[in-house]
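The values are calculated or read from the model by the stated rules, or taken from the named source; none is laboratory data. Because the structure is a prediction, the values reported are computed rather than measured. Methodologically, a virtual Cβ is constructed for each residue, glycine included, from the backbone with ideal geometry; neighbour enumeration extends over all protein chains shown. In case anyone asks, the SASA skips ligands and DNA or RNA and just uses the protein heavy atoms, side chains included. Shrake-Rupley method; radii C 1.70, N 1.55, O 1.52, S 1.80 Å.
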Amino acid sequence: MGRVTNLSLSSFGWSMQRNQEASKRRSKRRGVLLLAPPILCDTWMRHPPIPVEDALSFPAVPRRFAVEGRGEREEGNERACRRAPEHVKAHIDAYLAACDRDMTVAVVCVGPEAGRAAVEALSHVEKVGHGAIGGFAHLAVVVQDNVDDGRSAKGRVVRLETQRHGSASLLGSASSKDVQDVLRAQVAALISSGPDRPTPLSQFVAADESGCVATGHRMPQAQGARGKSLVEDALERMTSGATSEEAVQRVMAENPHADAGLVGADGIGNVFGENSKRVMRRPDVGHARRKQGNITVEVLANSIGPEGQAIADLAAATAMNVMSPNKPNSSLWLVMGTPVEFDVEDVIVVEEVDGLAYISCVKSTDPLTQFEDREEVALIGPQTEVVWADGTSMGHCHSEPFMVIDKGRLVSCDGQEFYEVRYRGSQPCRPADPDQIFALTHGHPASKQIWRSPSASDFCFPEINEQEMGPSNMDKAVEVLPG
């Protein structure tokens, strides 16, 4: 490559001198390229020049050009470059392109709902992080279709992409079938960064029908030592039998000065990521890995604040939470008026009537449940087991609402009269909805209106003739309540 010969470092930034005559008048006419910090330095007659490739390796990103001349101040890349020689303009454009086109986050997931996990991970990064994020995104998943005899057919690659708005527009750009395929896929690779990256966006994520995928951050599409892009090189090695660890490590070993980090998944579900030696010298790199059984997620990130490692950890934890085998898969409704009892263990007791399951009682070791006073408590949580009335376990609770109890009964959960308790269970059941619960426990859905009455806080329920409890007789029911 050529060398920058018309850029010099001054106390104000970069001076671009048109010619020797212009240099004599540079106090009146000069173009200043503001960088923070200024590194792309060559010298005009005072210091030896440095190669452009060394200058382009610096991670600083120029934000603007400022041109001062004849008492006027102009701003903008075009106006600043207009005063530089053509070959200097070319080097400046190359520098800007290199700085503004790097990729900042890569996520590879293997497990149930891997596509959903990757998108959720990106969404959380966009909500929390700042920097080169929220622009382009490209997601590639491998979907395994089942044939008529139940066997898995050969996989197929489904891709979604967007140039703007990241995760918010990624799924909206696809057909409903593609979205469903993506969300249920068990292998997914996603890359994202700022807006308007070079097309085709598929160059940043390599995927194969065998279930192998490879992507990365910084410049994973750059040509490597073997004459092909880094991601394609890693994918080819995996499809030829190498594990993801072997493939990625070999590519990085052969390209130690590449401005890239790679992460790949092979056909048997192994995931591995690694940065080049050059990228490891950056202070803003994040690398996170989570594994639970056969579920794995790996994240590489850079140039996203507030802190690269925290961003990578957030993305990995989010994806793992989506794919976790311990996430809740069932729910039951907890309604106001449900009995609350003090016991030697924390359990939610479930009964079934006419095939409908409902929470009949909450038992807790919390000492506050021994008193008749109104209390604000958190009786159920991850430590709470969900059991049938005969003691058979149904699973463990995944919800932890803020509860108000009074006189041994539930008044509210998170300020609501009914609350959906989520749990992971091994025994499926058909949950009753709140209306059905009121009908099962108090004889008529209309009795729900009694529970909502302000005077019902003492939970002293009068005996009412059920034949008179039609919806049109609700006022009669409320009138007989005490107080």
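Structure notes:
- Qualifying residue in segment 209-222 (condition: surrounded by fewer than 20 Cβ atoms within 10 Å (Cβ to Cβ), among the basic types (Lys, Arg) and not in a loop (DSSP other than H, G, I, E, B)): no
- For Ala260: the one exception among (1) open to solvent by less than 50 Å² (accessible area, probe 1.4 Å); (2) closer than 20 Å to Val322 by Cβ: (2)
- Within segment 360-368, not a single residue is in contact with a Lys or Arg (Cβ under 6 Å, 6 or more places away or on another chain), open to solvent by 10 Å² or more (accessible area, probe 1.4 Å) and among the acidic types (Asp, Glu).
- Candidates Ala357, Ala319, Ala389: the one that is within 30 Å of Thr215 (Cα to Cα) and at pLDDT 90 or above is Ala319.
- Counted residues, segment 302-320 - those being polar (S, T, N, Q) and open to solvent by 50 Å² or more (accessible area, probe 1.4 Å): 1
- Options Arg282, Arg289: the member that is assigned to a strand (DSSP E or B) and surrounded by fewer than 22 Cβ atoms within 10 Å (Cβ to Cβ): Arg289
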